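Below is one structure, written out as structure tokens, with a few remarks after it.
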Amino acid sequence: MPAGAPISNVPANVITGFLGVGKTTAIRHLLQSKPRDERWAVLVNEFGEVGVDGGLFGAEKDGEVFIREVPGGCMCCAAGLPMQVALNQLLARARPQRLLIEPTGLGHPREVLAALADAVRAGVLDLRATVTLVDARSLEDERYLRSETFQQQLAVADMVVANKSDLYRPGDLQNLQRFLEYSGNAAAASVQTVEQGRIDPDWLQGPSRFRATAEHDAQRLPQAHSAHTPASPDGEEPWPACGFHRLENSGEGYHSCGWLFDPALTFDYQRLFSLISGAGAERLKGVFITERGVFGFNKVDAVLSVMELDDTLDSRVEVIDRTRRDWDAMESDWLNTLSSD
């Protein structure tokens with residue numbers, strides 16, 4: 001759209017799913033396969049206080065891809081103010097032809113959708129299909145079945161995408177189909193299967209069933225809140241003498257701790273790889289400057305993937321687990337992976 005023209009009818013999709021299901025990988029694939037002549041924007045929310053997903057998407061492409069992060073729990077808390085501010089800033093900067101929104105896997109997507117209602121009613125956004133990623137194997141875990149967040153992610157779906165299908169056992173996909181049908185899920189008839197988050201971009205074009213109501217606007221579900229709310233260190237505070245910031249968060253039965261490191265610090269790739277490979281946390285993701293270059297690490301359920309990245313502003317890592325771990329000991333482990341060169 002021309003500079004200065006009103007921003008209107010931007011197609012917007014919410015890409016949701018539980019912690020570690022592969023949302024970031026799916027969005028990364030979508031960005032790589034977007035039309036070359038289109039500008040896309042991504043608004044990503046993370047449970048932890050340290051935003052890592054933006055770095056895992058790769059560097060912003062000048063004039064093509066714009067990324068805005070809202071770390072620290074559900075971005076629709078406090079009557080949606082953090083989300084509204086971030087959304088307005090992102091739209092003004094990017095003036096995109098498509099907007100992708102990734103809520104935290106531990107947040108309530110219905111509240112995120114409700115927080116978009118004003119922008120939809122004003123004609124700024126054209127809300128399209130909400131895509132919910134799910135790992136069909138998770139239906140064997142009672143913790144998922146009892147989770148209100150997991151149930152809500154499926155309930156708001158216009159399309160359910162069974163990710164990691166190459167790892168399914170016989171019957172896993174059928175169990176998911178039966179679960180959706182038994183729940184009366186409207187998306188039960190349109191389940192798609194993918195490997196490694198390879199969502200078809202055409203699926204984004206589908207319509208949204210979501211309709212904001214007065215009840216949605218007036219009533220918010222309880223959300224995860226930070227154990228404390230520190231000021232963001234990204235460009236707002238000088239680096240301390242120790243060379244890093246540490247931020248923690250707790251909520252929804254999970255605990256997180258994140259570290260941001262001075263970009264002048266370089267990590268030893270092999271020591272870093274060994275540490276992350278052996279880490280027992282449920283979820284770990286990070287972007288590091290190493291002597292071999294910049295690498296992203298993404299670990300879910302003991303499966304580690306590593307990707308080489310073009311660049312990063314700094315090194316950062318987030319660890320999430322149902323158990324509050326010994327963050328002091330883990331901090332020492334990170335520091336021991338610093339390069340001695």
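The values are calculated or read from the model by the stated rules, or taken from the named source; none is laboratory data. Since we're looking at a predicted model, the values are computed, not measured. Note that each Cβ is placed from the backbone with ideal geometry, even for glycine, and that neighbours are counted across all protein chains shown. Surface areas here come from the heavy atoms of the whole protein model, side chains and all, with no ligands, DNA or RNA. Shrake-Rupley method; radii C 1.70, N 1.55, O 1.52, S 1.80 Å.
So for each of 168-176, 96-104, 267-275 I average, over its residues, the number of other beta carbons within 10 Å; can you give me the resulting order with the highest mean first? Show your work: numbers first, answer last.
Values: 168-176: 14.2, 96-104: 24.2, 267-275: 17.9.
The peptides rank, most packed first, as 96-104, 267-275, 168-176.
Return the single residue from ALA162, ALA86, ALA329 with maximal mean-square fluctuation; model: Gaussian network over the chain, springs between Cα atoms under 10 Å.
The residue with the greatest mean-square fluctuation here is ALA329.
Could you give the length gained on full extension between LEU338 and ASP37, defined as 0.36 nm per residue of separation minus the Cα-Cα distance, in nm? Don't skip to the end; give the middle numbers.
Values: separation 301, 0.36 × 301 = 108.36 nm, distance 4.09 nm.
Working it through step by step, the gained length comes to 104.3 nm.
Where only protein heavy atoms count, and the probe is 1.4 Å, what is the accessible area per residue for the chain in Å²?
Working: 14940 Å² over 341 residues.
Dividing the accessible area of the chain by its residue count gives 44 Å².
Between LEU91, ALA162, GLY22, whose Cα lies farthest towards the positive end of the dipole of the chain when Lys and Arg beta carbons carry +1 and Asp and Glu beta carbons carry -1, centred on the Cα centre?
Result: ALA162.
Give me the percent of the accessible area of the chain that comes from carbon and sulfur atoms, probe 1.4 Å, all protein chains in place. Each step should come with its number before you reach the end.
Numbers: 7370 of 14940 Å².
Answer for the chain is 49 percent, counting heavy atoms of protein chains only.
Exposed loop sites here are GluC sites (Glu not before Pro) in DSSP loop states with at most 13 other C-beta atoms within 10 Å. What is the longest stretch of the chain lacking them? Please report the intermediate quantities before stating the final value.
Details: sites that count: GLU38, GLU195, GLU236, GLU291.
Looking at the chain, 39-194 is the longest stretch - no exposed GluC sites (Glu not before Pro) with at most 13 other Cβ atoms within 10 Å.
Under 5 Å between amide hydrogens, which residues at least 5 positions from LEU125 or on another chain qualify, with H placed 1.01 Å from N in the peptide plane?
Here ASN9, VAL10, VAL120 satisfy the definition.
Relative contact order of the stretch 233-298, please, whole-number percent, based on alpha carbon pairs below 8 angstrom and at least 6 residues apart. Kindly include the intermediate steps, with their values, before the conclusion.
Values: 61 pairs, mean separation 14.4, N = 66.
The normalised contact order for the stretch 233-298 reaches 22 percent.
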